[in-house]
């Protein structure tokens, strides 16, 4: 077997690529239809934009409303694509691909085990370190298991094999490496503010300190590599 590619179902991708723009155009049409009425209501929210739209001559009112609706639909497509993850496996390499970022390539020799942690695909190294943690939508657990095992990689269907080693983090907890407590504090704030990119960067920094972290809601749990 040369290569196996695991991604979300094709119908799902086409559904949002076509459905979201169509819904956006429909919403734009509804906005155009109701613009004059909303602009006439002194208590209505966002009255300013509706007044501007209602003041435009036709066909510009309709064109602007449909353009805004279509743009909103395309933005939803972009957000959906960001959640889409493709996993490619062969005898030498695991490649994780998203459309908006460079592929993550992991040599076979570095990958000890893969598993799903909720809606995240996790790959661990030989020392238990976290090599990758990628959010996904729609990856089939059975297809992933079959692909990993077919190419000789270990797959842990029960989830994280180190799950029992995690401890809940609270400020000042003992046994953490130097500097890790401060990073965990910063990461907690990032999680509470919804700053996911910042939280991901801080996860990487913790990995460099020999700490693996996972969260449930806004609570962080950690273990040493």
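Being crowded, with 18+ Cβ neighbours inside 10 Å and within 17 Å of the chain's Cα centre (by Cα) is true for just one of 136, 196, 156. Which residue is that?
136
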Check every one of the helices (runs of 4 or more DSSP H) wholly within the range 1-92 and list those with 3 or more residues that are within 26 Å of the chain's Cα centre (by Cα), at pLDDT 65 or above and surrounded by 12 or more Cβ atoms within 10 Å (Cβ to Cβ). 10-39, 60-82
By residue number, the members of the range 210-223 that are crowded, with 18+ Cβ neighbours inside 10 Å and over 14 Å from residue 165 (Cβ atoms) are 220
Looking at the range 170-193 only, could you name the residues that are within 18 Å of residue 128 (Cβ to Cβ) and surrounded by 15 or more Cβ atoms within 10 Å (Cβ to Cβ)? 176, 180
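The values are calculated or read from the model by the stated rules, or taken from the named source; none is laboratory data. Nothing here was measured: the structure is a model prediction, and the numbers come from that model. Positions of Cβ are backbone-derived with ideal geometry, glycine not excepted, and every protein chain shown enters the neighbour counts.
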